[in-house]
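Below is one structure, written out as structure tokens, with a few remarks after it.
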Amino acid sequence: MSKTANFLSLRSNPLPQIFSSTGNSPFLRASSALNLPTAASKPFHRLIRASSRRRLVLGGFGGASLWMNNNMSGNFGGKSFIASARQTNPSPVEQALNKVDWPETFPFKEEDFQRFDESSDSTFYEAPRFVTHIDDPAIAALTRYYSKVLPQSDTPGVSILDMCSSWVSHYPPGYRQERIVGMGMNEEELKRNPVLTEYIVQDLNVNPKLPFEDNSFQVITNVVSVDYLTKPLEVFKEMNRILKPGGLALMSFSNRCFFTKAISIWTSTGDADHALIVGSYFHYAGGFEAPQAVDISPNPGRSDPMYVVYSRKLPMA
């Protein structure tokens, strides 16, 4: 299979052909431009080898270049959590976490979690963005998914953490629980979110420690933000600590991102590989069931895709 590499200087070429404007900042449709060749066997090992060849060359905005490859996503085998848009023909994302040959130790390196823009995230998110970061069909698909997997509205004693939250959480209309905590980067956005009963402003890339007691939440959600975590193992270990036994963690993502703030390993890989990356966080954090992936994309090829990688905290012995 041929591999076409494009070397793009970010100084001379701001990538207008692959950016789309959403809100105050450009988004990159990552998997349409930055992906991996086919991986037919031992996909995780192939992902690691491929990522080492596609490092984002970091060194400030001045002279950095980016090596980008066209996508031919992995072809694995597996089952989805719930019925998805591709029930009779599972997508590579749904298949990505089936029988993964996990390395013995966490295989990623420090440079995999670097970003093109290493300036303060607090400054980057200082101005509120009252926009949505995925299109309406993708939002509707995520809301439908939540309606099937979240505890029924107004269930006594239920606590939910919406991690990396903003002014909207995409839960079903009128959804309520005794406690829904939003954790995000912009206070004005969090104040506007009607589903939250409380909120906390915290930069998880500076402080990954979650300020909650052990076994506090039944569910943790994270919408299109897992790709910005620079200390994912620390965060996922904390997620496991604060989840109740059997508690559910739902990491959803699409193929768009604030390119300069997404981690290198994300911007240099494609959708199925992203499922492997998120799955690896669950696996190596420990204390979770085997992670699984589901493709809930509403109109494949015609609107933003939508994927979820999820796992549950193991019951206590």
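The values are calculated or read from the model by the stated rules, or taken from the named source; none is laboratory data. Since we're looking at a predicted model, the values are computed, not measured. Glycine gets a Cβ as well: all are built from the backbone with ideal geometry, and neighbour counts include every protein chain shown. We work out accessible area using only protein heavy atoms, side chains counted, and drop any ligands, DNA or RNA first. Shrake-Rupley method; radii C 1.70, N 1.55, O 1.52, S 1.80 Å.
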Q.
Tally up the residues in region 306-317 that are out of contact with any Asp or Glu (no Cβ under 8 Å at 6 or more places or on another chain), touching a residue at least 12 places away in the same chain (Cβ under 8 Å) and surrounded by fewer than 20 Cβ atoms within 10 Å (Cβ to Cβ), please.
A. 2
Q.
Kindly evaluate residue 278 against the criterion of being touching a residue at least 40 places away in the same chain (Cβ under 8 Å), within 21 Å of residue 111 (Cβ to Cβ) and among the β-branched types (Val, Ile, Thr).
A. yes
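Does residue 208 fit the bill of being under 23 Å from residue 142 (Cα atoms) and assigned to a loop (DSSP other than H, G, I, E, B)? Please lay out each step first, then the result.
Details: under 23 Å from residue 142 (Cα atoms): no; assigned to a loop (DSSP other than H, G, I, E, B): yes.
In short, no.
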Q) Would you pick out the residues in region 122-145 that are aliphatic (A, V, I, L, M), surrounded by 20 or more Cβ atoms within 10 Å (Cβ to Cβ) and more than 23 Å from residue 261 (Cα to Cα)? A) 141, 142
Q: State yes or no: is residue 214 outside any strand (DSSP E or B), open to solvent by 10 Å² or more (accessible area, probe 1.4 Å) and not hydroxyl-bearing (Ser, Thr, Tyr)?
A: yes
**Q.** Given (1) surrounded by fewer than 20 Cβ atoms within 10 Å (Cβ to Cβ); (2) over 18 Å from the mean Cα position of the chain (by Cα); (3) hydrophobic (A, V, I, L, M, F, W, C), index of the condition residue 113 fails
**A.** (2)
Q) Is it fair to say residue 148 is surrounded by 14 or more Cβ atoms within 10 Å (Cβ to Cβ) and among the basic types (Lys, Arg)? A) no
Q. Restricting to helices (runs of 4 or more DSSP H) lying wholly in region 225-305: which have 3 or more residues that are within 17 Å of residue 96 (Cα to Cα), touching a helix residue (DSSP H, G or I) at 6+ places or on another chain (Cβ under 6 Å) and open to solvent by less than 10 Å² (accessible area, probe 1.4 Å)?
A. 271-285
